[in-house]
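One structure is given below, encoded as structure tokens.
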Amino acid sequence: MNTLSPVKKPWIIMGVLNATPDSFYDGGRHYSTADACAHAEKIAREGADIIDIGGESTRPAAKPVSEEEEIRRVVPVIRHIAANLDTPVSIDTTKHRVAREALDAGAAWINDISAGRLDPEMPALAALYNCPVLLMHSRETPQTMQKNPSYINVITEIIAELQNSIEQFIRKGVNAGNIIIDPGIGFAKRFEDNITLLNRLDEIAALKYPLAIGTSRKSFIGHITGQEPDSRLAGSLATLASAYRCGARIFRVHDVAETVDFLKVLSVIEMA
């Protein structure tokens, strides 16, 4: 009997950890420091390559929180992870001060959903710490981004705006090798924009930066399946198959164990 030899996995899974009371799927479940730390340990055991922690919800119409509150929510959890787990942490924030406090507490990446738009000091901070920085495409703010978003050509516009963000970070001294891009599924996007992006994600991948995608349990999946967030796992995995085949290799997900198994099987099929 032939046995497939183990291969080095060609992906990175970012396990979502929302230390918030109001995130769209898991808001409130990991709001306390103890619950957040326990969840971090769980997703690390399940195979998360990096734990993506955020202290401010970025769902549509979410209320903003102060820098102080965001720091209060995330820094103790990051310290716990850094002291007790081998899994690195990314800090999901648009604020350079929050990112700095998180990096000083042990975080290794910055994940900025605004790609520096909402805080012009973020590029300089990323350069100073010489850390990976994930630049996601979005427009407006979480409070306003879904109020009639509009594109003439969603692919060309997102590529141009991502290139502009990349150039701003590089001008401030960020090493191009530290930049990761994300087209921002669900952020200032209509249903049809999300579908077009997933269908033509290879055109974003052609920018030649590591490509991340975050589709986990989002509303466009519910629009197709009719399911609420708690029942959107199967639909979420379907989007990962499409994204993987188009060149995405970094996946931001809520369901780490299921995603690990899914990608193990998909990657073996793709390499056969």
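The values are calculated or read from the model by the stated rules, or taken from the named source; none is laboratory data. Note that the coordinates shown come from a computational prediction; the quantities given were computed from them, not determined experimentally. Cβ atoms come from the backbone with ideal geometry, glycine included; neighbour counts cover every protein chain shown.
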* Which condition number does residue 185 fail, the rest of (1) modelled with pLDDT of 95 or more; (2) assigned to a loop (DSSP other than H, G, I, E, B); (3) of a type outside the set (Phe, Trp, Tyr); (4) surrounded by fewer than 13 Cβ atoms within 10 Å (Cβ to Cβ) being met? -> (4)
* Asked: Could you list, in sequence order, the residues of the stretch 222-251 that are farther than 24 Å from residue 10 by Cα and assigned to a loop (DSSP other than H, G, I, E, B)?
  -> 226, 227, 228, 232
* the stretch 120-178: number of residues that are within 18 Å of the chain's Cα centre (by Cα), part of a loop (DSSP other than H, G, I, E, B) and among the β-branched types (Val, Ile, Thr) -> 1
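Would you say residue 204 is at pLDDT 95 or above, among the β-branched types (Val, Ile, Thr) and surrounded by fewer than 18 Cβ atoms within 10 Å (Cβ to Cβ)? Working first, answer last.
Working: at pLDDT 95 or above: yes; among the β-branched types (Val, Ile, Thr): yes; surrounded by fewer than 18 Cβ atoms within 10 Å (Cβ to Cβ): no.
So residue 204 fails the test.
Do we find a residue being under 20 Å from residue 12 (Cβ atoms), out of contact with any helix residue (DSSP H, G or I) (no Cβ under 7 Å at 6 or more places or on another chain) and of a type in the set (D, E, K, R) anywhere in the stretch 213-221?
Taking the stretch 213-221 first, the residues under 20 Å from residue 12 (Cβ atoms) are 213-218.
Subset that is out of contact with any helix residue (DSSP H, G or I) (no Cβ under 7 Å at 6 or more places or on another chain): 214, 218.
From what is left, the residues that are of a type in the set (D, E, K, R) are 218.
Within the stretch 213-221, one or more residues are under 20 Å from residue 12 (Cβ atoms), out of contact with any helix residue (DSSP H, G or I) (no Cβ under 7 Å at 6 or more places or on another chain) and of a type in the set (D, E, K, R).
Can you tell me which of 132, 123 is farther than 25 Å from residue 63 by Cβ, in contact with a Lys or Arg (Cβ under 6 Å, 6 or more places away or on another chain) and crowded, with 20+ Cβ neighbours inside 10 Å? Before the answer, list the steps.
Values: 132 fails: in contact with a Lys or Arg (Cβ under 6 Å, 6 or more places away or on another chain).
When all the criteria are applied, what remains is 123.
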* Here are 15, 47: which of them is of a type outside the set (Val, Ile, Thr), over 20 Å from residue 182 (Cβ atoms), modelled with pLDDT of 95 or more and touching a strand residue (DSSP E or B) at 6+ places or on another chain (Cβ under 8 Å)? -> 47
